[in-house]
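Bear in mind that the values in this text are calculations on the coordinates, not laboratory data. Note that the structure is predicted; figures quoted are calculated from it, not measured. FYI the Cβ positions are ideal-geometry reconstructions off the backbone, even for glycines, and counts take in every protein chain you see.
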Amino acid sequence: MSRTGKKPVPVPKGVSLTIDGRSLSAKGPRGELSMVLVEEVLAKMGEDGAVTVDPRDDSKRARAMWGMSRTLIANMVEGVSEGFKKTLEISGVGYRAALQGNVLQLQLGYSHDVKYPVPEGIKIETPRPVEIIISGIDKQRVGQVAAEIREYRPPEPYKGKGIKYAGETVFRKEGKKK
């Protein structure tokens, strides 16, 4: 039994969630998201304004999709009401980021600047040259953009230089000894 799937998803004020067969759409103050549920689960709106997700049968796949579908619906509701945010930190001498129009320009110690075009539906801010804030309503896209930016120069274990998530601890190694 899924402990996550059993919990109903509360729908806050200002968010409207419509269920039409297997397709769900949420509309809120930050925007609109939609998704299609897998065939193994069934979502229905309760009388208290919360969405409950149930498996259609007792198969292993239906039980596996139950908790995942409930979490996807909860992320969709949270995204249109509050949104998601990831913060990246840059450490290293001369490493910095700047937003120029719709392109994030990164100076990461390469012979050239790395230019990352900002995808649609994602907002990137650089309050300081060593900090990048990525925000949006889709949790998966925010995380994907953060991972793509981090991939240009992941933190290295000897000096800790590179791009890391805020709060991430880099496992440091000892250098060579004489």
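Structural remarks
- Paramagnetic reach from Asp48 in the range 7-25 [backbone N under 12 Å; point 7 Å along Cα→Cβ]: 7-11
- In the chain, the DSSP-assigned H stretches of four residues or longer account for a calculated mean residue ellipticity at 222 nm of -7000 deg cm²/dmol, using -39500 (n - 2.57) per stretch and the full residue count as denominator.
- Partner aspartates and glutamates for Lys44 [C-alpha distance under 12 Å; skip if fewer than 8 residues away on the same chain]: Asp20, Asp54
- With a threshold of 25 Å on the Cα-Cα distance, the over-threshold entries among Lys27/Lys164; Lys139/Lys164; Lys27/Lys86 are Lys27/Lys164.
- Of the chymotrypsin sites (Phe, Trp or Tyr not before Pro) found in the range 101-178, the ones in coil according to DSSP and having at most 16 other Cβ atoms within 10 Å of their Cβ are Tyr110, Tyr152, Tyr158, Phe171.
- The C-alpha atoms of the chain define a longest principal axis, and helix 60-81 lies at about 70 degrees to it.
- Helix 139-151 and the longest principal axis of the Cα set of the chain meet at an angle near 20°.
- Net charge dipole size for the chain [Lys, Arg +1 and Asp, Glu -1 on Cβ; Debye, nearest 20]: 1000 debye
- Spread over its residues, the convex hull of the C-alpha atoms of the chain is 163 Å³ per residue.
- Distance between the range 140-178 and the range 16-91 - C-alpha centres, whole angstrom: 31 Å
- Qualifying aspartates and glutamates (Cα of each under 19 Å from Cα of Lys161; at least 8 residues distant if same chain): Glu89, Asp113, Glu131, Glu148, Glu151, Glu174
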